[in-house]
Amino acid sequence: MTALDSAVREPARALAAAPHAHQVLSRCRSLARPALREAVERSHPWVAEMAGYSFGWCGIGGAPATGSSGKGLRQALAVLGAEAAGASGRAGVPAAVAVELVHAFSLLHDDIMDGDPVRRGRATVWKAYGTGAAVLAGDALFALAVETLARQPLPAGADAVRMLSGALGDLVRGQADDLLFADRPWTGPERVRPEAYRTMAEGKTGALLGCAAALGAVLGGASAGTAAALDRAGRHLGIAFQVVDDMLGVWGDPSVTGKPVHGDLRERKKTFPVLAALGSPAPAARRLAAVLEQGGDPAEAAELVEAAGGRAAALRETGRQVAAAESALAGAPLAAGAVRDLRALVEFAVRRDL
């Protein structure tokens, strides 16, 4: 069993073994949080309440709460992007705010598209406030993100807005592909292949991770080449991140992931381990296709995915994407301390439950 496989089996142990990453995340969240709150408070009071609810700052009605909006990976990448360019982390705070607002906006709309009633142990915004209200709140967060970058001095501010717009276009394309995958067959010439999955994951997840690091670098005064290297690293990290999510969706511990056991298989999602398994010559692949096409037992499907090599293929894919991310970092003139912190976040992102 590889170290990564062990981490996927026991994500809580992997998290406990990553104090450096947690320190980096905590430092970057603390740096960005005041500006993030200030940005949200510029919005309409009702919209600000829904945004605060989505971030875990308040309950329905606005009463203060101590919930969590996640680990803040994107915020941290933005702050570290500025530091990698040799600037203070504070230079990357506007980028951290912008990408966190976009991430929250995408989650609000994703929950509506997927019909998810719960996120991080609480009712999703659309369940708590209504679908129309949640759409409005997501739109407001997106507008605040663009405004945050547009306020930055020229020419970096204009470059940052263009970069965010490009990443949003990729995110939409990735989300569209993900939704369309649901209607594609499990087998045959129209089936979803791993290379199509990589393109989808790069857009849906990797585009914003890459944009976060590159935006921080641009606001920190980096060259276009340095920003592009950070963007590439984030995109590879995003694919790895999505593949690990897929593994947790099949084999993760529900008490840690917060997801039902075999949830992705029950929902018949076309995840990387399943797609890789279906392309295998192993006899288990044929049985897996039959189980999926007939809507059979998810537990049996999980066993067949592993028997057909889907788990091993997902682990190899994660390793390849992490190596590509680290190669992109190694090929750019970045501040050594920031690179060390970025590598800690890469390790964290593939050995975690988010």
*What residue, among those in the range 88-125 that are assigned to a helix (DSSP H, G or I) and among the small types (Gly, Ala, Ser), is farthest from residue 40 (Cα to Cα)?*
89
*Can you tell me which residue within the range 49-65, out of those that are free of Cβ contacts under 8 Å to residues at least 40 places away in the same chain and assigned to a loop (DSSP other than H, G, I, E, B), is surrounded by the most Cβ atoms within 10 Å (Cβ to Cβ)?*
57
*Taking residue 268 and the conditions (1) at pLDDT below 95; (2) under 30 Å from residue 92 (Cβ atoms); (3) outside any helix (DSSP H, G or I), which numbered condition does it fall short on, given that it satisfies the others?*
(2)
_Residues (without any contact (Cβ under 8 Å) to a residue 60 or more places away in the chain and within 19 Å of the chain's Cα centre (by Cα)) located in the range 23-32_ = 26, 29
_Cβ-Cβ under 7 Å, sequence separation 6+ or interchain: first residue in the range 277-298 and farther than 17 Å from residue 193 by Cβ, partner at pLDDT 95 or above and surrounded by fewer than 17 Cβ atoms within 10 Å (Cβ to Cβ). Which pairs?_
291/300
*Any idea which of 208, 219, 180, 164 is under 14 Å from the mean Cα position of the chain (by Cα) and of a type in the set (A, V, I, L, M)?*
208
*Would you point out which residue out of 312, 290 is loosely packed, with under 15 Cβ neighbours inside 10 Å and closer than 28 Å to residue 186 by Cα?*
290
*Out of the residues in the range 41-60 that are within 13 Å of residue 134 (Cα to Cα) and aromatic (Phe, Trp, Tyr), which is nearest to the chain's Cα centre (by Cα)?*
53
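Residues in the range 225-246: is at least one among the polar types (S, T, N, Q) and closer than 25 Å to residue 349 by Cβ?
Within the range 225-246, one or more residues are among the polar types (S, T, N, Q) and closer than 25 Å to residue 349 by Cβ.
Can you tell which of 248, 208 is in contact with a helix residue (DSSP H, G or I) (Cβ under 9 Å, 6 or more places away or on another chain), modelled with pLDDT under 95 and either outside any loop (DSSP other than H, G, I, E, B) or more than 30 Å from residue 93 (Cβ to Cβ) (or both)?
After ruling out the rest, the residue left standing is 248.
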*Got a sec? Which of 224, 233, 285 is farther than 30 Å from residue 83 by Cβ and small (Gly, Ala, Ser)?*
285
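So in the range 215-230, with the set limited to residues that are more than 12 Å from residue 334 (Cβ to Cβ) and either in contact with a Leu (Cβ under 6 Å, 6 or more places away or on another chain) or touching a residue at least 24 places away in the same chain (Cβ under 8 Å) (or both), which one is surrounded by the fewest Cβ atoms within 10 Å (Cβ to Cβ)?
Among residues in the range 215-230 that are more than 12 Å from residue 334 (Cβ to Cβ) and either in contact with a Leu (Cβ under 6 Å, 6 or more places away or on another chain) or touching a residue at least 24 places away in the same chain (Cβ under 8 Å) (or both), the one surrounded by the fewest Cβ atoms within 10 Å (Cβ to Cβ) is 221.
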_Within the range 198-214, tally of residues that are free of Cβ contacts under 8 Å to residues at least 40 places away in the same chain and over 17 Å from residue 350 (Cα atoms)_ = 3
*Unmet criterion (only one of (1) among the aliphatic types (A, V, I, L, M); (2) surrounded by fewer than 15 Cβ atoms within 10 Å (Cβ to Cβ); (3) within 20 Å of residue 57 (Cα to Cα); (4) touching a residue at least 60 places away in the same chain (Cβ under 8 Å)) for residue 136*: (2)
*Restricting to the range 157-207, what's the tally of residues that are touching a Phe, Trp or Tyr at 6+ places or on another chain (Cβ under 9 Å) and either more than 20 Å from residue 264 (Cα to Cα) or of a type in the set (Val, Ile, Thr) (or both)?*
4
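The values are calculated or read from the model by the stated rules, or taken from the named source; none is laboratory data. Keep in mind that what you see is a predicted model, and the values were worked out from it rather than measured. Cβ sites come from the backbone with ideal geometry, for glycine too, and all protein chains shown count toward neighbours.
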